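Student: The structure's right below; bear with me while I get my questions together.
The values are calculated or read from the model by the stated rules, or taken from the named source; none is laboratory data. Quick caveat: nothing in here was measured; it's all calculated off a predicted structure. Don't worry about glycine lacking a Cβ; one is built from the backbone with ideal geometry, like all the others, and counts go over all protein chains shown.
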Amino acid sequence: MEMTLAAPRVDYLNVRHTVASWLLTKDHKRIGIMYLVVVSIAFFVGGLFASLIRFELATPAGDLVSSDTYNRLFTMHGVAMVFFVLIPAVPAILGNFVLPLMLGAKDVAFPKINLLSWYVFVIGFLFTIYAMVTGGVDTGWTFYTPYSSRASSSNVMMTGIGVFITGFSSILTGLNFMVTIHRMRAPGLTWFRLPLFVWAIYATSLVQVLGTPVIAITVLALAVERGLHFGIFDPVLGGDPVLFQHLFWFYSHPAVYIMILPPMGAISEVIACFSRKNIFGYSFVAFSSLAIAIFGFLVWAHHLFVAGISIYSALVFSFLTYAVAIPSAVKTFNWTATLYKGAIWLKAPMIWAICFLGLFLVGGLTGLFTAALGVDVHIHDTYFVVAHFHFIMVGGAIMGYFAGLHYWWPKMTGRMYSDAAAKVAAVIVFVGFNLTFGPQFILGYLGMPRRYHMYPEEFQVLNVLSSAGASILAVGYVLVAVYLIASLFYGEEAGDNPWHATGLEWTTQSPPSPHNFDVQPVVTEGAYEYSKREIKVV
Amino acid sequence: MSHISPKSTYYTIFGMLMVLTGLTVFAAFHHLGVFNFPVAIGIAITKATLVILFFMHAKYSSRLTKLFVGMSFFFLLILFTLTLTDYLSRGLKTYPGGAAGAGYGVRQAAPAHGAAAGAEHKEGAAEAGH
Amino acid sequence: MSSLFQIIPEQASTLAPKVDQLYWFIIGVTAFFGILVSILVVYFAVKYRTNDPLAVGAPITGSIPLELAWSVIPFLISVVIFGWAAQVFFDIYRPPDQSLEIYATGKRWMWKFQHLDGKAEINELHVPVGRAVKVTFTSEDVLHSLYFPSFRTKADAIPGRYSSVWFNATKVGEFHIFCAEYCGTRHSGMIGKVHVMEPAAYQAWLSGAGGGGTMASRGERLFGELACNTCHLADGSGRGPSLVNKFGTQEQLANGSVVNVDESYVRESILTPQLKVVAGYQPVMPTFQGLVNEESVMALLEYVKSLQSSSGGAAAAANTAAPPAAAPAQENR
Amino acid sequence: MSDAAAIPADAHGHGHHHPDLQHHFDTLDQQHEAATLGMWLFLVTEVLFFGGLFMAYLIYRVWYHDAWVAGSRELSIALGGFNTVVLIGSSLTMAMAVRSAQTGYRRATVGWLIGTMVLGLTFLVVKVFEYKDKFDHHHVPGFDFQVDQAHAGIAGPMQIFFSLYFTMTGLHALHMIIGFGLMSVITWMAYKGRFSPQWSTPVEMSGLYWHFVDIVWIFLFPLLYLVDRTGG
């Protein structure tokens, strides 16, 4: 763009301008931006479906769309949001952009594979979009057999292929990051000097590498059953549909941690920075990420408590589920304690982070209800569960993603957005979100099952509240898009380190040069040594 | 850089793999009761370990590599054991008894002309095609 | 029913208060921690706020005792919730011995209930108040889930096997039945009403029009029509084992293992008879998969269950004249 | 991108940089370690990928043992055994190819690689004949699946057996075809003299992949062909 003084600095954005220079780039920063574009499109698509769902549910009757359409709407909402927004949002966008910077590396370990995984992602997305525009898919994002393999007449195959392909993108990204973290750290950057975001990304990558192949094979088994009429889960032949659910959730529960761990990492960065403090209990927060990733693999069958598993097995999984709740609780307590005696600078990213804390708290605590066997029988597959996982995935993951995005936006673009607008947006989203999903807890306990197109009239009041909240939420998200895009054109220059943050990514220019660092950085201290700066008495 | 094994190591390992292959076939033709399966699996695991350690040089690799190899099988074991907590305590022998209706709407019921046709048990690819 | 301010559904079964008590307990625990953390976050954020970007916070890096405290205390509370919830769970999934039995099948998109005396109803279920009722059900097509919110119980209907829920209704009235597992187009239309009635009214309803023989008698008829009775002779001299007094016992199988003769085993033996052959018999029974629907299987099952001691004689009659339609069944075995 | 412009200048400058050292690594060693680690991580995902099917196999094998025995006996132990020998042999030739590359024998590398490819192709050809046999005997699920009279009662579970058989061996064969493609490229590179004792990473990586494919078969052979061969 236009620069005022001196010669314009070369950065990763202005080094070349051709379309080819973007599409063939191996620069992790440009790839991160390209993910940002695609994920934003997917977020818009998924959001559009969500709005239609909430419109329809404003009245008990099915008066806006047909049942078949409604079923396609919530399925496509789920597929778009889970596989194309939540899973890639923080790792592939923010992770790609800042991870090598944080490590003091020139790039990720395998830049070509990094680009490949973007293309794989886009191809998977195109397959899914194609499935959506040519009739959609109506199985629910969970693809339960035998409905998906035999009964559904929608585009299950095409969507399955899309999800399968996208899985490889996720695997390749995770693999790339793991190797990068192991092998590309700057001199002096020991494991316990790593920013917590890196720990979170590492834990996430572990889940991506270990879990994703299992869903790949599960979707593949579904595909051969549907396409070639093989029978692997087919009860007519003696197969067990519950086995599909086991395999599906072996990935899809840990996938929740793919979604929430990286935003947790981003939150650790933001909270440490804007409290001007070491994160409280650094090693506990760091290891809790790993613990969540590993324990996350031990709890999947809590999605199956009423699905026909043995009651003894349910006991085991319920207990393990409580075990995985502990590391999340530890994180929350540590974040809270970090604020204590901090020098808290309430800039926009911090407001987003505080809103994250509030929503994640609700999401996490309501997990105690769903993990409790006796209560879960009642609330399973009701709106209670819908509300619970939206609090985690939207209230937690998306809020955390936005906190991180606001935090690193000046680094990514070199421009500063309107702080006031960002704070207002955070509050609007927070309020709208609570209004949307708060009533759904009550709806769920009252017994309204999820995926219902029509519902008994007594549920209308709460549904109307929820729909009203959704419109507020939509306003909040649109506002974010508006001021972030506006900042590209009108935003003032951010400077290299607008937040006065520690961390290697803030030592280089904004936007960073194509090679990240002019001089190889050497690390001599921990990640959040704010207190070693000149002390100003608070 | 990377380890270079003498040729003789490779030939020895190949020989052992051949012997074990012969052994597993041999075992399959002998009635060992409940042990047939564990023996077959045991031999397969031994063979796989030989390949991993020597052909794939895991024996001479970094500890991290070894950790990853161990990790993959550890998580596979988690998948197996925790799924089995369900199947074992359901009563491993109680499996679904086939669905009576045999119909999902798109698939026709089994042959109509009496139970004799059940012997053929053609699971209709043709009917299910639409 | 002041639905506007209602936040829990009506408690209409003995299970409901148990579930709700636990629910309120967890609400109490979570509210405590939720409010505590929220207040701390807001309080710290306000108290320690500054507009000076160069200010730094106090050099605190952590505290092991605190970490231990907030790991161990939540864990202990979790264990309490876990234990309590497990107890409720067992109550939900273990029906009392003397339950009124009702069969149901889910198919897209309706629930069909069958009473033992032969009455069948669709998307309606009449039950007496104050008596334990056990619903045994399966699905004819895809997954469904039989959900009684006011009774706080549900279970998935899985094609290929039996599930069951039980409840003891405590209130007379009408309550929802939902399908809770997504099953396609009219998933949200797969709903119904359970009518809880005074025992007398229930009896009156039962003896009303409809019916057409008890389930067991229908099963007996099928037993003849399908020529089951040509092999399963009551005195055990047939090509198949006698079924008299068989239900609820244990059976020695040809492969050496032992199986409980329960609903699942009877069902499986009708549909896939050669998977578990009783010791001493040849695997000659043809499969009835595709020849009988789930309702007929349930009728047959109910008939087998009725063959206890005294009533066994009915089957023992073993009218040797096999219906011609089923005759080819034995030839190729 | 500027790095694209910067590297060739560096690389062809006959300076201290090896031509195959990518710009974002400091040393060939670091690059080699990263590649090795990446490949092993990829194999970790492969283990779990096949693991899902093995899980299904395990459950159904215990449930439907008779069907498993019957299904297994429809498979040719001779062809399966022959293929096992062929594939383990190809692992040996692959290991030798890696060794030759590491020690800098170009012709030997090419020779061993071609040997590996020939053995791999042999395996696939045999597999084609096995598949054809299954089609002829109507043992392919979904394609007019039939079993003989004696097994009519376990036709359903047998169909599950064959579903798993085809999915597992099909995926394995697909991996071999991919490996074959990889190997063609590597052989060409070896022929062109791209590898040296300092840098033979691609050969080593292909080797790891090929050995993994071999390991999968080491499990598939006893699990599918040798369920129980005692008695008639």
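Student: Given the criteria in contact (Cβ under 8 Å) with a residue 40 or more places away in the chain, farther than 21 Å from residue A:269 by Cα and in a helix (DSSP H, G or I), does residue A:216 qualify?
Tutor: Here the answer is yes, as residue A:216 does meet what is asked.
Student: Report yes if residue C:156 is within 24 Å of residue C:301 (Cβ to Cβ), facing chain A (nearest Cβ under 9 Å) and not hydrophobic (A, V, I, L, M, F, W, C), otherwise no.
Tutor: Answer is yes for this residue.
Student: In contact (Cβ under 8 Å) with a residue 40 or more places away in the chain, of a type in the set (S, T, N, Q) and not in a loop (DSSP other than H, G, I, E, B), is that true of residue A:332?
Tutor: No, not satisfied.
Student: Another question, then. May I ask you to verify whether residue A:52 is surrounded by fewer than 20 Cβ atoms within 10 Å (Cβ to Cβ), assigned to a loop (DSSP other than H, G, I, E, B) and of a type in the set (A, V, I, L, M, F, W, C)?
Tutor: Taking the combined requirement at face value, the residue does not satisfy it.
Student: Taking segment C:49-60, which residues are assigned to a loop (DSSP other than H, G, I, E, B) and either over 13 Å from residue A:342 (Cβ atoms) or not polar (S, T, N, Q) (or both)?
Tutor: Listed by number, the residues that qualify are C:51, C:52, C:53, C:54, C:55, C:56, C:57, C:58, C:59, C:60.
Student: Would you check if there is a residue in segment B:72-93 being hydrophobic (A, V, I, L, M, F, W, C), over 29 Å from residue A:209 (Cα atoms) and either modelled with pLDDT of 50 or more or buried (at least 21 other Cβ atoms within 10 Å of the Cβ) (or both)?
Tutor: Yes, that holds for at least one residue.
Student: Against the condition crowded, with 23+ Cβ neighbours inside 10 Å, modelled with pLDDT of 95 or more and either assigned to a loop (DSSP other than H, G, I, E, B) or in contact with a Gly (Cβ under 9 Å, 6 or more places away or on another chain) (or both), how does residue A:437 come out, does it pass?
Tutor: Yes.
Student: Would a scan of segment C:199-209 turn up a residue that is hydrophobic (A, V, I, L, M, F, W, C) and in contact with a helix residue (DSSP H, G or I) (Cβ under 9 Å, 6 or more places away or on another chain)?
Tutor: No - not one qualifying residue is present in segment C:199-209.
So that you can scan it fast, the table gives a plain yes or no per residue for (1) more than 18 Å from residue D:50 (Cβ to Cβ); (2) more than 7 Å from chain D (Cβ to nearest Cβ):
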{"site": "B:6", "(1), (2)": "yes, yes"}
{"site": "B:12", "(1), (2)": "yes, yes"}
{"site": "B:17", "(1), (2)": "yes, no"}
{"site": "B:30", "(1), (2)": "yes, no"}
{"site": "B:49", "(1), (2)": "no, yes"}
{"site": "B:54", "(1), (2)": "yes, yes"}
{"site": "B:67", "(1), (2)": "yes, yes"}
{"site": "B:72", "(1), (2)": "no, no"}
{"site": "B:81", "(1), (2)": "no, yes"}
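Student: Given the residues C:61, C:105, C:50, which is the only one that is out of contact with any Pro (no Cβ under 8 Å at 6 or more places or on another chain) and within 21 Å of residue C:301 (Cα to Cα)? Outline the logic, then answer.
Tutor: Working: C:61 fails: within 21 Å of residue C:301 (Cα to Cα); C:50 fails: within 21 Å of residue C:301 (Cα to Cα).
Matching residue, one of C:61, C:105, C:50: C:105.
Student: Residue A:22 passes all but one of (1) away from chain C (no Cβ under 14 Å); (2) without any contact (Cβ under 8 Å) to a residue 24 or more places away in the chain; (3) in a loop (DSSP other than H, G, I, E, B); which number fails?
Tutor: Among (1) away from chain C (no Cβ under 14 Å); (2) without any contact (Cβ under 8 Å) to a residue 24 or more places away in the chain; (3) in a loop (DSSP other than H, G, I, E, B), residue A:22 violates only (3).
Student: If you don't mind, another one. Among the residues of segment D:179-201, what is the count of those that are more than 13 Å from chain A (Cβ to nearest Cβ) and part of a helix (DSSP H, G or I)?
Tutor: 13
Student: Provide a single number: the residues in segment C:106-124 that are surrounded by 22 or more Cβ atoms within 10 Å (Cβ to Cβ) and within 14 Å of chain A (Cβ to nearest Cβ).
Tutor: Residues that pass the stated criteria total 3.
Student: For residues that are crowded, with 24+ Cβ neighbours inside 10 Å and either in the same structural domain as residue C:292 (by TED's automatic domain parsing) or in a strand (DSSP E or B) (or both), tally how many sit in segment C:136-152.
Tutor: Number satisfying all stated conditions: 8.
Student: Another question, then. Would you be able to say whether some residue in segment C:88-95 is of a type outside the set (Asp, Glu) and in a loop (DSSP other than H, G, I, E, B)?
Tutor: yes
Student: Within segment D:202-232, can you find the residues that are over 30 Å from residue D:159 (Cβ atoms), touching a Phe, Trp or Tyr at 6+ places or on another chain (Cβ under 8 Å) and at the interface with chain B (Cβ under 8 Å from one of its Cβ atoms)?
Tutor: Listed by number, the residues that qualify are D:207, D:208, D:211.
Student: Working only within segment D:174-207, note down all residues that are of a type in the set (A, V, I, L, M, F, W, C), buried (at least 21 other Cβ atoms within 10 Å of the Cβ) and within 21 Å of residue D:30 (Cβ to Cβ).
Tutor: At the first step, the residues of segment D:174-207 found to be of a type in the set (A, V, I, L, M, F, W, C) are D:174, D:176-178, D:180, D:182-183, D:185-186, D:188-190, D:195, D:199, D:203, D:205.
Pick out the ones that are also buried (at least 21 other Cβ atoms within 10 Å of the Cβ) and you get D:176, D:183, D:186, D:190, D:195, D:203.
If the condition is that a residue be of a type in the set (A, V, I, L, M, F, W, C), buried (at least 21 other Cβ atoms within 10 Å of the Cβ) and within 21 Å of residue D:30 (Cβ to Cβ), then D:195, D:203 are the ones that fit.
Student: Quick check, is residue C:22 crowded, with 17+ Cβ neighbours inside 10 Å, touching a residue at least 24 places away in the same chain (Cβ under 8 Å), among the hydrophobic types (A, V, I, L, M, F, W, C) and closer than 30 Å to residue C:116 by Cβ?
Tutor: no
Student: Mind listing whichever residues of segment A:143-163 are surrounded by 20 or more Cβ atoms within 10 Å (Cβ to Cβ) and either among the charged types (D, E, K, R) or away from chain B (no Cβ under 14 Å) (or both)?
Tutor: Those that are surrounded by 20 or more Cβ atoms within 10 Å (Cβ to Cβ) and either among the charged types (D, E, K, R) or away from chain B (no Cβ under 14 Å) (or both): A:143, A:150, A:155, A:159, A:160, A:161, A:162, A:163.
Student: Follow-up. Considering segment B:1-10 alone, what residues qualify as being over 15 Å from residue D:101 (Cα atoms) and either surrounded by fewer than 13 Cβ atoms within 10 Å (Cβ to Cβ) or acidic (Asp, Glu) (or both)?
Tutor: Of everything in segment B:1-10, just one residue is over 15 Å from residue D:101 (Cα atoms) and either surrounded by fewer than 13 Cβ atoms within 10 Å (Cβ to Cβ) or acidic (Asp, Glu) (or both), namely B:8.
Student: Specify the residue that is modelled with the highest pLDDT; the eligible residues are those in segment C:184-209 that are exposed (fewer than 13 other Cβ atoms within 10 Å of the Cβ) and assigned to a loop (DSSP other than H, G, I, E, B).
Tutor: Of all residues in segment C:184-209, those exposed (fewer than 13 other Cβ atoms within 10 Å of the Cβ) come to C:198-200, C:203-204, C:207-209.
From the residues that got through so far, the ones that are assigned to a loop (DSSP other than H, G, I, E, B) too are C:198, C:207-209.
On the way: C:198: 95, C:207: 83, C:208: 76, C:209: 66.
Looking at residues that are exposed (fewer than 13 other Cβ atoms within 10 Å of the Cβ) and assigned to a loop (DSSP other than H, G, I, E, B), I get C:198.
Student: Follow-up. Report those helices (runs of 4 or more DSSP H) wholly inside segment A:350-428 carrying at least 3 residues which are farther than 21 Å from residue A:321 by Cβ. So that I can check it myself, show each step before the final result.
Tutor: Details: elements: A:373-379, A:383-390, A:399-413.
So the answer is A:399-413.
Student: Given the residues A:210, A:196, A:189, which is the only one that is in contact (Cβ under 8 Å) with a residue 60 or more places away in the chain, over 24 Å from residue A:254 (Cα atoms) and either aliphatic (A, V, I, L, M) or more than 14 Å from chain D (Cβ to nearest Cβ) (or both)? Steps first, please.
Tutor: Details: A:210 fails: over 24 Å from residue A:254 (Cα atoms); A:196 fails: over 24 Å from residue A:254 (Cα atoms).
It is A:189.
Student: Using the structure shown, decide if residue D:150 is under 28 Å from residue A:225 (Cα atoms), crowded, with 21+ Cβ neighbours inside 10 Å and within 14 Å of chain C (Cβ to nearest Cβ). Outline the logic, then answer.
Tutor: On the way: under 28 Å from residue A:225 (Cα atoms): yes; crowded, with 21+ Cβ neighbours inside 10 Å: no; within 14 Å of chain C (Cβ to nearest Cβ): yes.
In short, no.
Student: Looking for whichever is within 30 Å of residue D:28 (Cα to Cα), under 23 Å from the mean Cα position of the chain (by Cα) and either among the β-branched types (Val, Ile, Thr) or outside any loop (DSSP other than H, G, I, E, B) (or both) here; the options are D:221, D:212, D:129. Which one fits?
Tutor: Sole residue among the options that is within 30 Å of residue D:28 (Cα to Cα), under 23 Å from the mean Cα position of the chain (by Cα) and either among the β-branched types (Val, Ile, Thr) or outside any loop (DSSP other than H, G, I, E, B) (or both): D:212.
Student: Is it true that residue B:66 is buried (at least 20 other Cβ atoms within 10 Å of the Cβ), charged (D, E, K, R) and without any contact (Cβ under 8 Å) to a residue 60 or more places away in the chain?
Tutor: So residue B:66 does not fit the description; no.
Student: For segment A:489-536, which positions are among the aliphatic types (A, V, I, L, M) and touching a Ser or Thr at 6+ places or on another chain (Cβ under 6 Å)?
Tutor: A:494 - this is the single residue of segment A:489-536 that is among the aliphatic types (A, V, I, L, M) and touching a Ser or Thr at 6+ places or on another chain (Cβ under 6 Å).
Student: State all residues of segment C:226-242 that are surrounded by fewer than 15 Cβ atoms within 10 Å (Cβ to Cβ) and either touching a Pro at 6+ places or on another chain (Cβ under 6 Å) or of a type outside the set (S, T, N, Q) (or both); if no residue qualifies, say none.
Tutor: Hits for segment C:226-242 are C:235, C:236, C:239.
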